[in-house]
Amino acid sequence: MGTAAADAAGASVDHLTATYQAHYRSLLRLAALLLDDVASCEDVVQEAFIRVHAARRRVREPEKTLAYLRQTVVNLSRSTLRRRIMGLRLLPKPMPDMASAEEGAYDALERDQLKAALRGLQRRQREVLVLRYYADLTEAQVADALGISVGSVKAYGSRGLAALRVLMESSDD
């Protein structure tokens, strides 16, 4: 079967050319509704015309060429979006923000100053502050652990924080 006979069985090249000239912009707008950048839209529409041209012999009714093109644009747009999503999923995860060596050194200095200041507190104040803020116990749990009242925990904690603040400020000077 010759090319003329094959074209007669489906959409002709002239019909596709006329469809391209008449409907390229509307298909581009369709792709723009589905995709986010002009270059991808143009690629999708161009690819749709190429695919329909390659399969033009299977288009039994030439008046349905535009419908085939629209469906091809929609399918290609979906595929484009799917590839983008998969690409984003496969991107390496960013490294968590890590402190610089300098920040780590400052943190270590502050911890050392805090430990030295804690050693300067009264034993009960130090115990209450460590259990309350380091071990993250409630006032009732601290009271139970130390065998003292909740009021005593509050008093030791308040006085301990005030003394700790003074000791930390004096070590900064």
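The values are calculated or read from the model by the stated rules, or taken from the named source; none is laboratory data. Note that this is a predicted model, so its numbers are computed, not measured. Reconstructed Cβ throughout: ideal geometry from the backbone, glycine too, with neighbour counts over all protein chains shown. Heads up: the accessible areas ignore ligands, DNA and RNA and are worked out on the full protein's heavy atoms, side chains in. Shrake-Rupley method; radii C 1.70, N 1.55, O 1.52, S 1.80 Å.
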Take V45 and decide whether it is of a type in the set (A, V, I, L, M, F, W, C) and open to solvent by less than 30 Å² (accessible area, probe 1.4 Å).
yes
Residue pairs qualifying under the 7 Å Cβ cut-off, at least six apart or on distinct chains, with the first in the range 110-130 being under 21 Å from S152 (Cβ atoms) and the second being hydroxyl-bearing (S, T, Y) and buried (at least 17 other Cβ atoms within 10 Å of the Cβ), are R124/Y156; Q125/Y156; V128/Y156
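Considering the range 63-74 alone, what residues qualify as being open to solvent by 70 Å² or more (accessible area, probe 1.4 Å) and either within 37 Å of the chain's Cα centre (by Cα) or more than 17 Å from D14 (Cα to Cα) (or both)?
Of the range 63-74, the ones open to solvent by 70 Å² or more (accessible area, probe 1.4 Å) are 63-64, 68, 70-71.
If the condition is that a residue be open to solvent by 70 Å² or more (accessible area, probe 1.4 Å) and either within 37 Å of the chain's Cα centre (by Cα) or more than 17 Å from D14 (Cα to Cα) (or both), then Y68, R70, Q71 are the ones that fit.
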Quickly run through the range 30-62 and pick out the residues that are over 27 Å from the mean Cα position of the chain (by Cα) and either among the β-branched types (V, I, T) or assigned to a loop (DSSP other than H, G, I, E, B) (or both).
V45, I50, V52, A55, V59, R60, E61
Helices (runs of 4 or more DSSP H) wholly in the range 83-173 with at least 2 residues that are surrounded by fewer than 16 Cβ atoms within 10 Å (Cβ to Cβ) - which ones?
101-119, 139-146, 150-172
If you check A8, A22, which single one turns out to be over 37 Å from the mean Cα position of the chain (by Cα), at pLDDT 90 or above and small (G, A, S)?
A22
